[in-house]
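Before any comments, here is the structure.
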Amino acid sequence: MRSISDIIDLQRYPIDRLDSPEAADLIAICQEALDDTALCRFPGFIKPNALEMIVREVSSLEDAAYPYEASRCAYLERDDTLPDDHPRNLGHSCKYRQVLSHQISNSSELRTVYSWPALTEFFRRILNVDRLYQSVCPHMSLTMHFAREGDGNGWHYDGNDFVVSLLLQASEQGGEFEYAPNVRSKTDECYEAVSDVINDPDQFAERPTLEPGTLTLFKGDLSLHRVRPIGSTARPRIIAVFSYDEQPGHVFPQGYIDEVRGIAASHDPG
Ligand SMILES: O=C(O)CCC(=O)C(=O)O
Ligand SMILES: [Fe+2]
C-alpha cells in the first residue's frame, strides 16, 4: 500500500501539518467558501497516478453495485396539501448504481484516504465543530455511485448537514453537478426561487467545474442540487462519498439502507 503522501497532494493541501500557517490559511479560505457558496473544492486533491490506480481498482466493483432507480421529490417529505405540480411535490428521476462500504476492500487506497485521521480533523476544523468522526456504518460510511448513459441524480436537498465527495471519473457527456447555493433558508422554503431553478437551471443554477481527483465539501441541506443526466459515454461517472458525524459510532437508519439495497421503498434524500 502506498503512503498517504503518494495519494493526496500534500504540497498543495497541507493536511499533514494542520497547525502550520499554510493550513490555517487554507482552512480560513474553505470556511469563507462554505459560508458564501455552501461548497468548497479541492482540485487535484488526489495525485494523477494514484487516481489512475484507484479508478482501476474500483471499476471492478461496478458489476456488484446495487442499482437504484426512483422518482423522488426534492424534499425529505412531500406535502399533500399542495398540488402534485408544486415544486414541493415534483418527482425527479434518480438512477445510478451504488457500491456500499463493505464492498470496498480494507486495503483500498480510497479507504486509506477516508480513514486518514488528519483528513477528518481537517474537516472538523473547517466546519468548526467540537467533534467529528468517520461514520462506522458498514453500508453507507464510504460509498460510490456509478452512473452511465441515462442515469442521473435528480434535484434534492441532502438530509445531512454536509457531505464530502471525491470525483474519480467523469462521464464524457452530461453528469455535471449543478446547484443553487442557499436557495432556501432554515425558515423559508423560497418555493418561487426553487421553481426558477428547476425550470431554468441554465439561468438560476451553477455548475462548478469538477475535474476527476477533486475533493468537495458540500453543505447540501439548503442548496438544491442534482447530477445532470448522463449523456453518451463509454466510461461511467464515478464518485465516492465519505460520511462523518459529530457523534461516534454513527450508522445510517436501516430503512435507508434497505431502500438503497432495493429491499424497501422511499428514503430521505441523502
Ligand atoms: O454525485 C454527486 O455529485 C452528488 C450526489 C448527491 O447529491 C447525493 O448523493 O446526495
Ligand atoms: Fe445530494
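Within the stretch 91-102, can one find any residue that is surrounded by fewer than 19 Cβ atoms within 10 Å (Cβ to Cβ), without any contact (Cβ under 8 Å) to a residue 40 or more places away in the chain and closer than 25 Å to Arg2 by Cα?
yes
Being under 27 Å from Asp79 (Cα atoms), more than 13 Å from ligand 1 (Cβ to nearest atom) and touching a Ser or Thr at 6+ places or on another chain (Cβ under 9 Å) is true for just one of Asn160, Asn199, Asn182, Asn153. Which residue is that?
Asn182
In the list Ser59, Ser20, which residue meets the criterion of being surrounded by fewer than 18 Cβ atoms within 10 Å (Cβ to Cβ) and either touching an Asp or Glu at 6+ places or on another chain (Cβ under 6 Å) or closer than 30 Å to His102 by Cα (or both)?
Of Ser59, Ser20, the one residue that is surrounded by fewer than 18 Cβ atoms within 10 Å (Cβ to Cβ) and either touching an Asp or Glu at 6+ places or on another chain (Cβ under 6 Å) or closer than 30 Å to His102 by Cα (or both) is Ser59.
Return only the number of the condition from (1) modelled with pLDDT under 95; (2) crowded, with 19+ Cβ neighbours inside 10 Å that Asn160 does not satisfy.
Looking at each condition in turn, Asn160 falls short on (2).
Residues to consider are Gly262, Gly175, Gly255; find the one that is over 27 Å from Val129 (Cβ atoms) and away from ligand 1 (no atom under 12 Å from the Cβ).
Among Gly262, Gly175, Gly255, only Gly262 is over 27 Å from Val129 (Cβ atoms) and away from ligand 1 (no atom under 12 Å from the Cβ).
Which of the residues belonging to the stretch 169-199 are under 21 Å from the mean Cα position of the chain (by Cα) and among the hydrophobic types (A, V, I, L, M, F, W, C)?
Ala170, Phe177, Ala180, Val183, Val194, Val197, Ile198
How many residues does the stretch 49-69 contain that are touching a residue at least 40 places away in the same chain (Cβ under 8 Å), over 17 Å from Thr209 (Cβ atoms) and either of a type outside the set (S, T, N, Q) or touching a His at 6+ places or on another chain (Cβ under 8 Å) (or both)?
Counting residues in the stretch 49-69 that are touching a residue at least 40 places away in the same chain (Cβ under 8 Å), over 17 Å from Thr209 (Cβ atoms) and either of a type outside the set (S, T, N, Q) or touching a His at 6+ places or on another chain (Cβ under 8 Å) (or both) gives 12.
Consider Leu217 carefully, then state whether it is among the hydrophobic types (A, V, I, L, M, F, W, C), within 11 Å of ligand 1 (Cβ to nearest atom) and crowded, with 19+ Cβ neighbours inside 10 Å.
The answer is no for Leu217.
The values are calculated or read from the model by the stated rules, or taken from the named source; none is laboratory data. Quantities reported herein were computed from a predicted structural model and do not represent experimental measurements. All Cβ positions, glycine included, derive from the backbone under ideal geometry; neighbour counts span all protein chains shown.
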